[in-house]
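Below is one structure; the comments refer to it alone.
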Amino acid sequence: MSKKKNKPKKIRPEVLKGFKDYSPREEIARQKIVSVFKEVFESFGFSPLQTPALEKIEVLKGADYGEDNLATIFNFTGPEKVEMALRFELTASLARFVAGNHELPLPFRRYQFAPVWRVDKPGFGRYREFTQFDIDSVGTASMLADAEIMAAICKSFEKLNLPNYKIRFSNRKILNGLAKMIGIPVEKAPDVFRVIDKLEKQGLDAVIKELGAGRIDKSGDKIPGLNMDNEHIILMREYISVYDLIVTAKHELKKEHDINVEISDDDIANFFVNYNPTAIRYFIKREGREEGIGLGEEQSTAIRNFLTIKKEDQLSVLRYAWSFMVERINKFQSGELGNFGDNKSSEEIKCVFDEGIKEYSTGLFELNEIRKYLEYLNVPEEKTIIDITVVRGLGYYTGPVFETYLDDVPEIGSVFSGGRYDSLVARFSGKKMPAVGASAGVDRLLAALLSKKLISADNTVSEVLVTAMDSEFSGEYIKILNEIRDAGIKAEIFLGETRNFTKQVKYADRIGVPIAVILGSEEFENGQITIKNLIAGREQAKEVSDREEWLKAENIQVTIDRKEMIDYLKKLLSKIKS
RNA sequence: GCUGGGGUAGCUCAGUUUGGUUAGAGCGCCUGAUUGUGGAUCAGGAGGCCGGCGGUUCGAGCCCGCCCCUCAGUACCA
C-alpha cells in the first residue's frame, strides 16, 4: 500500500465511442437546421412535445422483447431494480403518451426534437447519440395528414436553401399486395422487401443478384442471396423497373423523335391497360442489350403518345402500376397461375390472390389521394415522385411511406423519411389507431452539409468585439458594451489578461467576429470611437504583402462620433450579412 | 457481426524492409521583432506511454500473440 510517489493519474480527454462534442461552429449550424424545421412545422400547426430520455424497457421494446432484441440499445437495471433503457427513437414514447392520455383531443399533432441513443457501429455522420426531429399526426386516417407532412418537409428544405431535394413515396400495401399476387410465400416477403430496399444504394444488378444466388461486395465479402426462383425474379424485376423505365424511355425516345402531340386521357388509359406490360418487357430486354425494342406499329404509337405526357408523371406511374396488376388478373383468369406453391388448394390460392389485388389496388388509390392533396398544397410535382420500389426498413409501416433525398449529398441516403403506422399505439391500448409520421436524423444531415459546405459555418455568434486597451477606462468600455447589447447586437468585450492590442485583434480574427470596436486614449479625448470591419480587412490582406502597407490600409475602419456608433454598427452588420 | 486498410507531435504523414544510443518533416500552436491594428516575413520555443497488454531479445516504434480504437466496404437497423 506504500506508493512512494502519489502522482495523480492523468485522465485522457476522450469521449465514449460513437459520442461526440459539437464545437460552436457545428452547434450553430445544427441549431439553424433545427430552428428551420421547428419554424416550418409550427407554421403547419404542429405543437412541441417533450418526453423522458429514459423509458421502461417494455415501453420501447414491447412486452415480449428478447435478449438479441436488446443488443443495440443502451439498457440497464436502474435504481429500485427497474429495467430501463435510453430511448432509441421518439415514436414509442409518443405512442405511450397518446395511449396514456385518454382526454387528449384527437387527432394529436406534435413535433419533437431530442437526442436518442443506439449501440450502432459509428460511421460518417452516424453516432451512438444523435438528434432526431420527429413529426407525427396521430388519430387520423386521412391521406391529407400524410400529404401535409410531405409538404412541410418540402418547405423545410426550401428554407434551408437546399432546393435539390426529392421525396420518393409509395405504399406498403402495394408491395404486400404484390407479394400475394405473384405468389411469394408470406414468410419470405419481408426478406424480399429488405432486398428491394437496397435498390437506391446498391443498384438494380445487386438487387437482382441478391434475389437469386447472392453477390460479392467490393471488399470481397460474400452477401448471401434469397435463392428465389427465376419466375419470381423476373416478375420482381418488371415491377422494380416501372419507374426507371419511364424515365429512361422518355429520355431516349424524346431524343429520337422530338414528339409534341396533344392526346386525351382516354388514350393514355388505353395505352396502360393494353400495352404496358408488354412494352415493359421489351424495354427490359433492351436494357439487357439482348435485342432492340422491336415494337409493333400500334405499340410504338402508344408509347409515343405516352412520352408526350408532360405534367402527368405521378399519374403515369400509378397507371403503369395499375396495368401491371391488370395483367396479373388476366393471367390468373386464363389459368396461368405461375408458381404459387404446390401444396395449396386452388381455393386457397384464389383467396390469397384476391387479398393481394385488394391490398395492391387500395395502395394505389391511397397514393392517388396523396397526389391530389399534394397538388392542393402547392407542392411542385417534380419534387415528389411516386416510386413503388420505396420500402422503408421499419417493420411497423402499414400504409404510405416516403423518403427524402438530397441530390447534393446522395451518399447519406434518405434524410427525412416516414410513413403510416396504424398499429403502434395498439401496443398500449389494444386498439388500432391510425397515425402517420416522419423523422429526420439531424446530425447525419449536418455532417453531410458541413462536409459539402452547403451550410454556413460560423465559429461564433458574436457580432462585435469591444477591445480593451486601457484598464483605467474599463467602466467606459462596459458602458459602450451595454449600449451595443441594448441595441440588440450580440457583443462581447475582450476578457483576456493582456492589454496588447495586436493580440486582441488577432483574437477577434480567430473567433471570426466580423466587427471590432476600438477605444484608446485618442478616441476618449475626442468623444469618438473606431469601428473596424474585419471581414473587409481579410479581403484586403490577400492583396497586400508588405507589412507597412498593410498597416496603412485604413479604409477598412472608421473613426466616428460616439453618438453615431449604434447606427453605424447596424448598417455595417446588415451590409456584411447580405 | 463479416472483409480489407490504418493507429508515430494538436493535424497530415515519413521512419518498420535488415531490431541498435538522443524518433523526424510540413502545417498549426506559444514567445519576441510589434502594448494602436489580423495577413506575410524573420528569430526563438513548447509539444511524443511510437494505440494497450503480454511475449521473443543484451536491446523493440520496428518481430510474435491477444485486445482496443479508427477508416472504407458490407450486414443488421425496432
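Values in this text are rule-based calculations from the coordinates and carry no lab data. Values in this document were obtained by computation on a predicted structure and should not be read as measured data. Positions of Cβ are generated from backbone atoms using ideal geometry, with glycine treated the same way; all protein chains shown enter the neighbour counts.
Within region A:393-416, residues that are at positive phi have Cβ atoms under 9 Å from residues that are of a type outside the set (D, E) and surrounded by 15 or more Cβ atoms within 10 Å (Cβ to Cβ) in these pairs: A:G413/A:Y405; A:G413/A:R444, counting only partners at least 6 apart in sequence or on another chain.
Residues in region A:488-502 that are surrounded by fewer than 13 Cβ atoms within 10 Å (Cβ to Cβ) and away from RNA strand B (no atom under 12 Å from the Cβ) were compared, and the one that is nearest to the chain's Cα centre (by Cα) is A:G488. If you check A:V436, A:V513, which single one turns out to be near RNA strand B (Cβ under 10 Å from one of its atoms), surrounded by 19 or more Cβ atoms within 10 Å (Cβ to Cβ) and outside any helix (DSSP H, G or I)? Every option except A:V513 fails the conditions. Residues that are near RNA strand B (Cβ under 6 Å from one of its atoms) and loosely packed, with under 10 Cβ neighbours inside 10 Å within region A:531-545 comprise just one, A:S545. Entry remark, region A:32-52: residues being surrounded by 14 or more Cβ atoms within 10 Å (Cβ to Cβ) and closer than 11 Å to A:S93 by Cβ number 2 in total. When you check A:S156 against the structure, is it touching a residue at least 40 places away in the same chain (Cβ under 8 Å), surrounded by 23 or more Cβ atoms within 10 Å (Cβ to Cβ) and farther than 23 Å from A:E355 by Cβ, yes or no? Yes.
Selection of region A:546-566 for residues being out of contact with any strand residue (DSSP E or B) (no Cβ under 9 Å at 6 or more places or on another chain) and more than 12 Å from RNA strand B (Cβ to nearest atom) yields A:K563, A:I566. Just so you know, in region A:114-140 the residues that are surrounded by fewer than 21 Cβ atoms within 10 Å (Cβ to Cβ) and polar (S, T, N, Q) include one that is farthest from RNA strand B (Cβ to nearest atom), and it is A:T140.
May I ask you to verify whether A:L569 is outside any strand (DSSP E or B) and either more than 10 Å from RNA strand B (Cβ to nearest atom) or surrounded by 14 or more Cβ atoms within 10 Å (Cβ to Cβ) (or both)? Break it down into steps so the answer makes sense when it comes.
Numbers: outside any strand (DSSP E or B): yes; either more than 10 Å from RNA strand B (Cβ to nearest atom) or surrounded by 14 or more Cβ atoms within 10 Å (Cβ to Cβ) (or both): yes.
Taking the combined requirement at face value, the residue satisfies it.
Going through (1) more than 6 Å from RNA strand B (Cβ to nearest atom); (2) without any contact (Cβ under 8 Å) to a residue 60 or more places away in the chain; (3) touching a strand residue (DSSP E or B) at 6+ places or on another chain (Cβ under 6 Å) one by one, A:I518 falls short only on (1). Of everything in region A:393-412 that is in a loop (DSSP other than H, G, I, E, B) and touching an Asp or Glu at 6+ places or on another chain (Cβ under 7 Å), the residue that is farthest from A:T140 (Cα to Cα) is A:G393.
For region A:163-211, filtered to residues that are away from RNA strand B (no atom under 11 Å from the Cβ) and assigned to a loop (DSSP other than H, G, I, E, B), the residue that is farthest from A:D229 (Cα to Cα) is A:P163.
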